[in-house]
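Worksheet: the structure to be examined is printed underneath.
The values are calculated or read from the model by the stated rules, or taken from the named source; none is laboratory data. Note that the coordinates shown come from a computational prediction; the quantities given were computed from them, not determined experimentally. Neighbour counts run over all protein chains shown; Cβ positions are idealised from the backbone, glycine included. Calculation scope for accessible area: heavy atoms of the full protein, side chains included, ligands and nucleic acids excluded. Shrake-Rupley method; radii C 1.70, N 1.55, O 1.52, S 1.80 Å.
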Amino acid sequence: MSCEVCQLKELEVGHFEFEIQEVLRCILHTILFHRALGLVRPKDADLELFDITYVQCGDLEIEKKIEEKIEQFISWVEKHPNKKSQFVQICLSFYEVKNKQASWFTNKIERLYWEQWYINLNVSQLQRTTSSKSRRTKVVEPGENAMEERSARRAALEASLRDVMFQIIKFVNEKKDHVPPIPNREGVISYPYEITIPSSSDSAFGMDMIKRMLQTGHPTMLS
């Protein structure tokens, strides 16, 4: 089975945790909505930082899974600070589950990936402080002189995010032949899927190697 891969446009994000949350929610929900072939109750969602509306599946389990992965990703970014910025990827994969004859070296269950989406982010260092009283984390304001620069950067990010939305829609409309028959599976998302984020063992060198592998046509090695 061939696996279709969509490398989404690289996005410049950072400075604010909420900004990363907004961007990832928009992209992940949009992809899953367009691959949801079960009973869907569409729900419009408006981004607070950008003038963009996207559609969710209206399923609490999907929302919960997305939020958990976003929090894990933000935690990873916090534990791997960089003076300027770093390239990272999040992969959303759809797959089929096949039973395979067991042997000494293989499992009975095999995952056959048929579609993978790579969300490419260039993340700037998050600037945060923590209040000991409330134990809530807040963003450090960069100062009045940087307000215009931040506004321009966010406008550019909004334009790029729109490009990514159109890229997703174009891909799902053009790439259909690889989609397998709908399995007998309950739930909004008819196909099993997984969201992969960098692990705590990933180094900057390792991430650069993964980026190069993906660009040379071997993306399935990430899964």
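Note on surface exposure: R162, R35, R154 rank R162, R154, R35 by accessible area, highest first, 1.4 Å probe. Ranking S199, S2, S160 by solvent-accessible area of protein heavy atoms (1.4 Å probe, all protein chains present), from largest to smallest, gives S2, S199, S160.
For M147, M165, the ranking by accessible surface with the largest value first comes to M147, M165, using a 1.4 Å probe. Residues whose amide H falls under 5 Å from that of L11, counting only those 5 or more places apart or on a different chain, are N120, L121, N122, with hydrogens built in the peptide plane. Applying 1/(1 + (r/R0)^6) with R0 = 22 Å to the Cβ-Cβ distance of I169 and V40 gives a FRET efficiency near 0.85.
At an R0 of 41 angstrom, the distance between the Cβ atoms of F18 and E110 translates into a FRET efficiency of 0.55. Can you give the local net charge around I70? Use residues other than it whose beta-carbon is closer than 12 angstrom to its beta-carbon, Lys and Arg +1, Asp and Glu -1. The answer is -3. Derived scalar couplings between HN and Hα for region 19-36 equal 5, 4, 4, 4, 5, 5, 4, 4, 5, 5, 5, 5, 4, 5, 4, 6, 10, 8 Hz in order, rounded to whole Hz, by the Karplus curve 6.51 cos²θ - 1.76 cosθ + 1.60 (θ = phi - 60°), x for Gly and Pro. Stokes-Einstein diffusion of region 1-100 at 20 °C, 1.002 mPa s viscosity, Kirkwood radius from Cα pairs, rounded to a whole number: 139 µm²/s.
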